[in-house]
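The values are calculated or read from the model by the stated rules, or taken from the named source; none is laboratory data. Owing to the predicted nature of the structure, the values given are computational and were not obtained by experimental measurement. Please note: Cβ atoms are built from the backbone with ideal geometry, for glycine as well, and neighbour counts cover all protein chains shown. In case anyone asks, the SASA skips ligands and DNA or RNA and just uses the protein heavy atoms, side chains included. Shrake-Rupley method; radii C 1.70, N 1.55, O 1.52, S 1.80 Å.
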Amino acid sequence: MADSVALDPVDLHILRLLQNDARSTYRELAAEVGVAPSTCLDRVTRLRRSGVILGDQLRLDPAKLGRGLQALLLVQVRPHRRELIGPFVERVRALPESRALFHLTGPDDYLVQVAVADTADLQRLVLDEFTSRREVARVETRLIFQQWDCGPLLPPGEPVRP
């Protein structure tokens, strides 16, 4: 836990609010937290510089972009060696269908979240981009019926407040 940053209740409140709406102005945040806007700006700047805040994300609806089917691909790479996994990771990250990539422990080496147009597009993706690769030993596919966002990410032991 050497990389953790000391956060006080004001920092935590700001982080909760920003995770719910990253477009909040410093004036809005300051009013909600109970500090001056300049203090709020300084806090957010410090949280960015210390690496607690990594950036802001724009969330898109995959279905509105013609990618209405999402799936999780469990991928086994054999042999699991650095000289093979580097190019594999680069290739998967470059695929327009890829939404997230996780390196795992256990029988599967990677979990890839993808967004595709339909089942035919998913089949094409699995066959042409995954199982056609020499290092890919196995791919299991799980369709995503529904996805929910969860509460804000906070340090261990911090209570989640609305």
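Skip the ligands, DNA and RNA, and give the accessible area per residue of the chain with a 1.4 Å probe, whole Å².
68 Å²
How would you order 65-71, 114-120 from highest to lowest mean count of nearby Cβ atoms within 10 Å?
Values: 65-71: 15.7, 114-120: 17.3.
Most protected by this proxy first, the peptides run 114-120, 65-71.
Here Glu140 sits with roughly 60 square angstrom of accessible surface, probe radius 1.4 Å. Compute the Cα gyration tensor for region 19-96, then decide on rounded, prolate or oblate, letting a ≥ b ≥ c be the square roots of its eigenvalues: rounded whenever a/c is under 1.5, prolate when a/b is larger than b/c in the other cases, and oblate in all that remain. It is oblate, given that a/c is not under 1.5 and a/b is not larger than b/c.
When the square roots of the Cα gyration tensor eigenvalues are ordered a ≥ b ≥ c, the ratio a/c for region 50-139 is 1.5 or more and a/b does not exceed b/c, which makes its shape oblate. Relative to the Cα centre, the charge distribution of the chain, modelled as +1 at Lys and Arg Cβ and -1 at Asp and Glu Cβ, gives a dipole magnitude of about 260 debye. A dipole drawn for the chain from +1 and -1 charges on Cβ atoms has a positive end, and of Pro87, Ala100, Val126 the residue lying farthest that way is Pro87. Of the solvent-accessible surface of the chain, computed with a 1.4 Å probe and all protein chains present, 53% belongs to carbon and sulfur.
Ordering Trp148, Ala63, Val77 by Cα displacement along the dipole of the chain toward the positive end leaves Val77 in first place; charges were set at the Cβ atoms of Lys, Arg (+1) and Asp, Glu (-1).
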